[in-house]
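The values are calculated or read from the model by the stated rules, or taken from the named source; none is laboratory data. Computed from a prediction, not measured in an experiment: that's the story for all the values here. Note: ideal-geometry Cβ built from the backbone for every residue, glycine included; neighbour counts use all protein chains shown. Accessible surface is based on the protein model in full, side chains and every heavy atom, while ligands, DNA and RNA are left aside. Shrake-Rupley method; radii C 1.70, N 1.55, O 1.52, S 1.80 Å.
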Amino acid sequence: MRAIQLEEYGGPEVLKVVEMEVPEPAAKEVLIKIEAIGVNYADTARREGQYVIDTPLPFVPGAEVAGTVEEIGSDVTRFKKGDKVVTLLGSSRATGYAEYTVAEERGLIPVPEGVDVKQAVSLPLQGLSAYHILKTMGRIEQGETVLIHAAAGGVGTIAVQLAKLFGASTVIATASTPEKRSLAIQMGADEAVDYTQEGWEKEVLQLTGGKGVDVALEMAGGDVFRKTLSCMAPFGRLVIYGVASGEQSRLYPSSLMAQNLSVIGFFLPQIMRKKELYLQSLSDLLGYLENGELKLTIGGVYPLESAKEVHQMLQGRQTKGKLILVP
């Protein structure tokens with residue numbers, strides 16, 4: 001089978017097309033013929049050797065796949081050959097950027113009839129991240145104001161919609177171009193701010209009548225983190241789920257005291273360790289998608305061999321919505 005492998009850390013050029021043996025499923029695993037692969041910032045961090053946990057080499061990136069069950073292990077009971085499934089890969093034997101992969105039965109979710117696999121694959125990483133950043137970590141409550149950075153991206157476009165579904169009264173989106181801000185408004189944001197302009201945090205405060213935001217989703221780091229902290233409301237929760245700028249921020253804990261602020265870290269694999277959280281939330285998301293309450297923005301569908309170019313586009317902030325590879 002064809003796969004994309006990295007044998008050294010570095011830029012997109014280290015992603016190489018290789019031939020590999022099709023893996024055999026263990027007793028509690030299935031073999032999936034992959035039909036859609038989600039591309040994420042986590043994949044670029046893996047490639048650069050900058051991921052939160054170590055990435056052993058050689059390594060086939062990709063955690064988000066959807067496709068058809070091709071073969072089942074001897075102890076698999078809930079799925080059969082031909083079933084459409086979506087999952088987040090966790091096994092060290094898994095091969096995301098590839099034609100086939102093995103996945104544990106316990107992490108598989110059936111794809112409902114009427115939901116395309118390209119739509120389904122847009123949910124496990126970014127959908128679950130948006131869901132749990134808002135609900136589990138951000139503890140969003142009815143009537144609150146939410147600030148969502150990079151609102152035209154994969155997590156952002158979903159988070160804008162979920163914030164409204166979860167009861168937010170006002171969603172303030174930030175994005176770098178008029179086109180991206182327009183997309184955020186189309187997704188349901190009430191206001192859109194250009195975070196590349198000096199003083200954007202003052203604009204956010206003005207939009208909230210000086211009160212600030214109750215929940216903020218932040219994945220850039222550096223200056224964006226510092227300014228976001230300055231426009232939080234009392235009892236506000238700032239959830240960090242990435243450092244896309246590559247710049248770390250210094251935090252003085254005592255600065256949180258005056259307004260009872262919380263700064264919370266989010267890492268999806270920890271959610272995956274709580275099966276009841278993972279399975280229920282992914283089922284909820286597929287339900288929202290099936291009944292039309294959630295719309296997904298596909299930024300582009302590319303052949304597997306174009307992984308290098310897709311990583312370049314993603315890191316160059318040249319995209320909107322979800323990027324997908326197809327074998």
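Straight-line reach only, C-alpha to C-alpha below 15 angstrom: list the aspartates and glutamates that residue 227 could link to, leaving out same-chain residues fewer than 8 apart.
Filter leaves 194, 198, 201, 203, 214, 218, 247.
Across every pair of different alpha-carbon atoms, what Kirkwood hydrodynamic radius in Å does the chain reach? Show your work: numbers first, answer last.
Details: mean 1/r = 0.0496 Å⁻¹.
Taking the inverse mean of 1/r over all distinct Cα pairs, the chain comes out at 20.2 Å.
Below 11 angstrom from the Cβ of residue 125, what's the summed charge of the other residues (Lys, Arg +1; Asp, Glu -1)?
Details: positive: 322; negative: 43, 64.
Surrounding charge for residue 125 is -1.
In square angstrom, what is the accessible area per residue of the chain with a 1.4 angstrom probe?
Working: 14360 Å² over 327 residues.
With all protein chains present, the chain gives 44 Å² per residue.
Please name which of 304, 288, 266 has its Cα lying farthest along the dipole of the stretch 247-327 towards the positive end, using unit charges on Cβ (Lys, Arg +1; Asp, Glu -1) and the Cα centre as origin.
Positive-end residue among those listed: 266.
Taking all protein chains as present, what is the carbon and sulfur share of the accessible area of the chain, in % to the nearest whole number, probe 1.4 Å? Spell out each step's value before the answer.
Values: 7090 of 14360 Å².
It is 49 percent, rounded to a whole number.
Based on the alpha-carbon gyration tensor of the stretch 121-189 and its eigenvalue square roots a ≥ b ≥ c, which shape applies: rounded if a/c is under 1.5, prolate if not and a/b is larger than b/c, or oblate?
Numbers: a/c = 2.06, a/b = 1.20, b/c = 1.72.
Here the stretch 121-189 falls in the oblate category.
Roughly how many debye, to the nearest 20, is the charge dipole of the stretch 1-134 about its Cα centre, given +1 on each Lys and Arg Cβ, -1 on each Asp and Glu Cβ, and no other charges? Mind dumping the intermediate values first?
Working: 13 positive and 21 negative charges, 63 e Å.
Dipole size: approximately 300 debye.
Over 18 Å between C-alpha atoms is what I'm after, so list which of 33/80; 84/320; 28/80 land there.
Working: 33/80 13 Å; 84/320 27 Å; 28/80 12 Å.
The pairs that break the limit, which is 18 Å between Cα atoms, are 84/320.
Restricting things to alpha carbons, find the Rg to Rh ratio for the stretch 229-286 using the Kirkwood radius for Rh. Numbers along the way, then the final one.
Numbers: Rg = 15.1 Å, Rh = 13.9 Å.
Over the Cα atoms of the stretch 229-286, Rg/Rh equals 1.09.
Roughly how big is the stretch 237-327's charge dipole about its Cα centre, with Cβ charges of +1 (Lys, Arg) and -1 (Asp, Glu), in debye to the nearest 20? Before the final figure, lay out the partial values.
Values: 10 positive and 7 negative charges, 50 e Å.
That gives a dipole near 240 debye.
Let me check the size of the stretch 1-66 from its C-alpha atoms; what are the radius of gyration and Dmax in Å?
Cα radius of gyration and Dmax of the stretch 1-66 are 12.7, 37 Å respectively.
With +1 on each Lys and Arg Cβ and -1 on each Asp and Glu Cβ, how big is the dipole of the chain about its Cα centre, in debye rounded to the nearest 20? Please report the intermediate quantities before stating the final value.
Details: 32 positive and 40 negative charges, 125 e Å.
Charge dipole, the chain, about its Cα centre: 600 debye, nearest 20.
Output needed for the stretch 39-131: three equivalent-ellipsoid semi-axes, defined as square roots of 5 times the C-alpha gyration tensor eigenvalues, in descending order, whole Å.
Working: eigenvalues 110, 54, 23 Å².
Over the Cα atoms of the stretch 39-131, the ellipsoid semi-axes are 24, 16, 11 Å.
Quick one: accessible surface of residue 176, probe radius 1.4 Å, all protein chains present, in square angstrom to the nearest 10.
Counting only protein heavy atoms, residue 176 exposes about 40 Å² to solvent.
Are there GluC sites (Glu not before Pro) in the stretch 129-195 that DSSP marks as loop and that have at most 13 other Cβ atoms within 10 Å, and which are they?
141
If you project the alpha carbons of the stretch 177-327 onto their three principal axes, what span does each projection cover, largest first, in Å?
52, 39, 31
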